[in-house]
Amino acid sequence: MRIVKLSVQNFRSISELEWTLEWHPLCCLIGPGDSGKSTVLDAIEAVLSSRWYTFGEADFRGCDTSRSIKIEVTIAELSKPLLSDEKFGLYIRGLAPDGTVRDEPEDGDEPVLTVRLSVDATMEPLWEVVNDRTPYPRTMSNRDRALFRVVRLTGDDARHLTWGQGSILSKLTESGDEAAQQLAEAYRAAKASTQLHEIESLAKVAREAQERAVEVGAIVEDEYIPGLELLKGGFSSGSIALHDGAVPLRLAGTGTRRLATLAIQRAAIEEGAIILVDEIEQGLEPHRILGAIVHLRQSQAATAAVSKPTGQIVMTTHSDTALSEIPPEGLYVCRRASGNILRILHPTDQDALRRVLKHMPRALFARRLLVCEGDTELGLILGLRELFPSRHGGASIEQRGAAVVDGEGTNAPQMAAALAALGYTTALYRDSDIPVPTKQQEKLDKAGVHTITYPTDMAIEEALFAGVADDELVDELLMEAERYKGEATVIDQLNKAFPEADTSGIGNASFVGMDSTLGLERGEIMKRLGYLAKQYAWFKNQYIARGLAPVVDQAIAQSPTSEFALALREIEAWLYA
């Protein structure tokens, strides 16, 4: 099963949503807090889950019950029971190769079904299969909805760690031929001796739970066994709980408990299921977040390899660790428009997003993104951002929802346009010596990218030296170049660039007053130094450039009208806007 389209009206925080999903087995929703990510999962679960939902006033947008809730989900990769005429064969629609859903399927279309959940002021939910070519929709029972195999992996429901009513462990135990007898035997044995590990039906499920928990990164101290845990309510089926050795698993750490619960739920999922996971990172260290995601993806790949239904995972996250495992084709960004209309945007330029996901996924959780063209720009801004808070009430750019992104040189314009297309307020900081190709500039303008550069054609190194008025600061820049490139190398480059020096050469003397010594105008000296820095990449390393920040901050304070100072002040104002 897989979702191809979701439509939501007047459900909780969402007044309207139309989301068409590109085909990928793993879909990850990101966006600012309260953007509606969890509500999207809730909407899918409400429509397709087999359990009955009770609705209240708070489930209506703005608590306005005069406007009905309507949620529609269109599902592809249908199982044979759903396609049969006895079920919903007469309501089959067609999914065209271009993604269009047609009420009357045509040759080459994939069969799909559209399920609608409606709730009016009576608070009575109504589930129906709809198709505009048929005059009357068909009502769905909870047994019918179970055929869609939707599972919400919560990972924090302690009941799934017991053999209580409705738990996954109980379901797994009942999957044998002698289900009722085995469970009754377990209860009798628990009352008599608590030797629950000798009940094979329970021990077998405990072993399977341990195996799956280890696969997703849960820590097992001893071994999983069934054990008796008498609580205040006395003895019940829920008193038979999963233990790690002698300790009830519900008392384990948050991460281990959550992973074990996820693994147990995963064990009961049928092939081809739609799996909903909200904030997979809760309670997990980075390596266990990665382990959980890798396990889910490997499970899908294994089923696909043997030509079985892959199903679909729809998850949300606020973790850059989790995001680093998401391919760009599976990424979706939630954006709220006016009137609480929710827009879910998908990358159109996946190559550009792949670079961000690989090197700086954390930036995608910000609202404003500054794309820096090269290592020098990136390092310098990263260094200056540490100085900004003193001028902004102690607030960092991250507190203002801004982040800095490595544009990777010539890829920077493409990356900036791709990020802007996903709804990020985006600026591009780049050199002005090489113009952006016309078509690429048109994309930047169309996406609303704000470009920050210098009016005169020059690279950042040339702008830097042109904007330094204090010779002592020039000395500090030269010493940084010597530390990075080597003293002898830089002095040799200086001597070649300044033949006006006497026969002893420039040496390692201070540049204070060097204009009078060389008989050159100061502007000419700065021009040559800037060219050397550019030609020999004196600062083209983000760590070296980052160390220049204090010197640069002094320079722009002393020469506030230079092109370099104006560009950097514009960047600071934009980051704090």
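Structural remarks
- Search result, residues across the stretch 115-135 that are within 30 Å of Glu57 (Cβ to Cβ), of a type in the set (Ser, Thr, Tyr) and at pLDDT below 95: Thr122
Residue-wise test of (1) within 19 Å of Arg336 (Cα to Cα); (2) modelled with pLDDT of 90 or more; (3) in contact with a Ser or Thr (Cβ under 8 Å, 6 or more places away or on another chain); (4) in a loop (DSSP other than H, G, I, E, B).
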site: Val4; (1), (2), (3), (4): no, yes, yes, no
site: Thr54; (1), (2), (3), (4): no, no, no, yes
site: Thr65; (1), (2), (3), (4): no, yes, no, yes
site: Gly94; (1), (2), (3), (4): no, yes, no, no
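- Checked against (1) in a strand (DSSP E or B); (2) in contact with a Phe, Trp or Tyr (Cβ under 8 Å, 6 or more places away or on another chain); (3) of a type in the set (Ser, Thr, Tyr), Thr134 passes all but a single condition, namely (1).
- Residue, farthest from the chain's Cα centre (by Cα), within the stretch 341-361, restricted to residues that are farther than 19 Å from Gly36 by Cβ and among the basic types (Lys, Arg): Arg355
- Under the condition of being under 24 Å from Ser35 (Cβ atoms) and charged (D, E, K, R), the residues counted in the stretch 284-332 number 3.
- Screening Arg336 against (1) of a type outside the set (Ser, Thr, Tyr); (2) more than 22 Å from Ile219 (Cβ to Cβ); (3) open to solvent by less than 30 Å² (accessible area, probe 1.4 Å) leaves a single unmet condition, (3).
- Residue that is farthest from Lys308 (Cα to Cα) [pool: residues in the stretch 16-35 that are part of a strand (DSSP E or B) and not aliphatic (A, V, I, L, M)]: Glu16
- If the condition is being over 39 Å from the mean Cα position of the chain (by Cα) and touching a residue at least 12 places away in the same chain (Cβ under 8 Å), then the stretch 536-566 contributes Gln558, Ser559, Ser562.
Each row is one residue, and each column tells you yes or no for (1) modelled with pLDDT under 80; (2) assigned to a helix (DSSP H, G or I).
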position	(1), (2)
Ala209	no, yes
Ile225	no, no
Arg257	yes, yes
Ile293	no, yes
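- Checking each residue in the stretch 1-38 for being under 18 Å from Asp98 (Cα atoms), touching a residue at least 24 places away in the same chain (Cβ under 8 Å) and either open to solvent by 40 Å² or more (accessible area, probe 1.4 Å) or among the basic types (Lys, Arg) (or both) picks out Arg2, Lys5, Thr20, Glu22.
- Among the conditions (1) among the aliphatic types (A, V, I, L, M); (2) assigned to a strand (DSSP E or B); (3) open to solvent by 60 Å² or more (accessible area, probe 1.4 Å), Leu90 misses just one, which is (2).
- Criterion violated by Gly423 - all others in (1) of a type outside the set (A, V, I, L, M); (2) farther than 24 Å from Ala555 by Cβ; (3) touching a Pro at 6+ places or on another chain (Cβ under 8 Å) satisfied: (3)
- Sub-6 Å Cβ pairs linking a first residue in the stretch 385-404 that is among the small types (Gly, Ala, Ser) to a second residue that is in a loop (DSSP other than H, G, I, E, B) and crowded, with 19+ Cβ neighbours inside 10 Å, at least 6 apart or interchain, are Gly401/Ala366; Ala402/Ala366; Ala403/Ala366, ordered by first then second residue.
- Residues in the stretch 484-498 that are open to solvent by 70 Å² or more (accessible area, probe 1.4 Å) and free of Cβ contacts under 8 Å to residues at least 60 places away in the same chain: Lys485, Glu487, Ala488, Asp492, Lys496.
- Evaluation of Thr426 against (1) surrounded by 15 or more Cβ atoms within 10 Å (Cβ to Cβ); (2) modelled with pLDDT of 95 or more; (3) farther than 25 Å from Lys358 by Cα; (4) not small (Gly, Ala, Ser) (one fails), failing number: (3)
- Some residue of the stretch 311-319 being surrounded by fewer than 17 Cβ atoms within 10 Å (Cβ to Cβ), part of a helix (DSSP H, G or I) and either of a type in the set (A, V, I, L, M) or under 21 Å from the mean Cα position of the chain (by Cα) (or both): no
- Residue count for the stretch 510-561, restricted to those that are of a type in the set (Lys, Arg), open to solvent by 80 Å² or more (accessible area, probe 1.4 Å) and part of a helix (DSSP H, G or I): 2
- Within the stretch 85-105, the presence of at least one residue that is farther than 23 Å from Leu21 by Cβ and touching a residue at least 40 places away in the same chain (Cβ under 8 Å) is confirmed.
- Residues in the stretch 429-469 that are in contact (Cβ under 8 Å) with a residue 12 or more places away in the chain, among the hydroxyl-bearing types (Ser, Thr, Tyr), within 30 Å of Val333 (Cα to Cα) and open to solvent by 20 Å² or more (accessible area, probe 1.4 Å): Thr451, Thr453.
The values are calculated or read from the model by the stated rules, or taken from the named source; none is laboratory data. Everything quoted here is computed from the prediction, not taken from an experiment. Note: ideal-geometry Cβ built from the backbone for every residue, glycine included; neighbour counts use all protein chains shown. With ligands, DNA and RNA removed, areas are computed over all heavy atoms of the protein, side chains included. Shrake-Rupley method; radii C 1.70, N 1.55, O 1.52, S 1.80 Å.
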